[in-house]
């Protein structure tokens, strides 16, 4: 079955880089996503990567995918206090006629001034 | 605004009551979902509908009954509410299979059963 794992907490200083890691188990996943959830809010799609890519960069965000090890990471450059939130990785897998996202447990990022 | 909207945002109710949460999307997506987020922030899929047809039904008690009158709406009705049903429920939608777009989520309904 699918299982997506993340570390629970990460604390960094403002201006440093943050790296959030994720491991997944379903090798048939087509897309992998990173979502951000601020307190009391819904989930905001940050970025995604297709399973045949190794890396994707989008402004301050860099996603690295190691498909052999089923390891995904999100690097946030020049982390700001506004980046403090819970970050979820998710894998998208086909289920019958549709698809579903399976989420990791979320990494709570705390950015200290 | 194009979005996934769900109502109500907050719902406080007593054990044993029956309640509904409504969800609507105007993104033209074919598939809609209900996810449950527990107090530890774990997100788990409950149901998925594609063009009004149920395609995913995880191990959810049959007190939970989704209803999709059309592909833009997916409502969740819960009978005989229990304390353990307290959670945040998120509705989401996505384009058809094969597209790279992620899901678009509603802002959530915080259900508290007392």
Inset, instruction - Averaging sequence separations of C-alpha pairs under 8 Å and six or more residues apart, then dividing by the length of segment A:67-113, give the relative contact order as a whole percent. - result: 40 percent
Inset, instruction - Would you mind giving the mean number of other chain beta-carbons within 10 Å of the Cβ of each residue in A:43-52, as a whole number? - result: 3
Legend entry - FRET efficiency, 1/(1 + (r/R0)^6) with R0 41 Å, evaluated for residue A:69 and residue A:110 via beta carbons: 0.90
Legend entry - Residues A:3, B:30, sorted so that the one with the fewest Cβ neighbours within 10 Å comes first: A:3, B:30
Inset, instruction - Could you line up B:22, B:36 from fewest to most neighbouring Cβ atoms inside 10 Å? - result: B:22, B:36
Inset, instruction - List the extent of the Cα atoms of chain A along each of their three principal axes, largest first, rounded to whole Å. - result: 47, 30, 21
Inset, instruction - Ignore the peptide's own chain and count Cβ atoms of other chains within 10 Å of each Cβ in A:91-102; give me the average, rounded. - result: 6
Inset, instruction - Would you mind giving the mean number of other chain beta-carbons within 10 Å of the Cβ of each residue in B:37-43, as a whole number? - result: 5
Inset, instruction - Starting from the Cα-Cα distance between residue A:45 and residue A:57, subtract it from 0.36 nm times their residue separation and give me the gain in nm to one decimal. - result: 2.8 nm
Legend entry - Estimated inter-spin distance, residue B:9 and residue A:94, nm [label 7 Å along Cα→Cβ]: 4.0 nm
Legend entry - Cα-based radius of gyration of chain B once divided by 2.2 N^0.38 Å, which approximates compact folds: 1.01
Inset, instruction - Have a look at the DSSP beta bridges in the protein assembly as shown and tell me what percent are antiparallel, nearest 5. - result: 90 percent
Inset, instruction - Between residue B:52 and residue B:112, take the C-beta separation as r, use R0 = 35 Å, and let me know the FRET efficiency to the nearest 0.05. - result: 0.70
Legend entry - Mean separation of Cα contacts under 8 Å, 6 or more apart, over the residue count of chain B: relative contact order %: 36 percent
Legend entry - Fraction of beta bridges assigned by DSSP in chain A that are antiparallel (%, nearest 5): 90 percent
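Just so you know, all these numbers are worked out from the coordinates, no wet-lab data involved. A quick note: this is a predicted structure, and the numbers were derived from the prediction, not measured. Cβ coordinates were reconstructed from backbone atoms using ideal geometry, including for glycine residues, and neighbour counts include every protein chain displayed.
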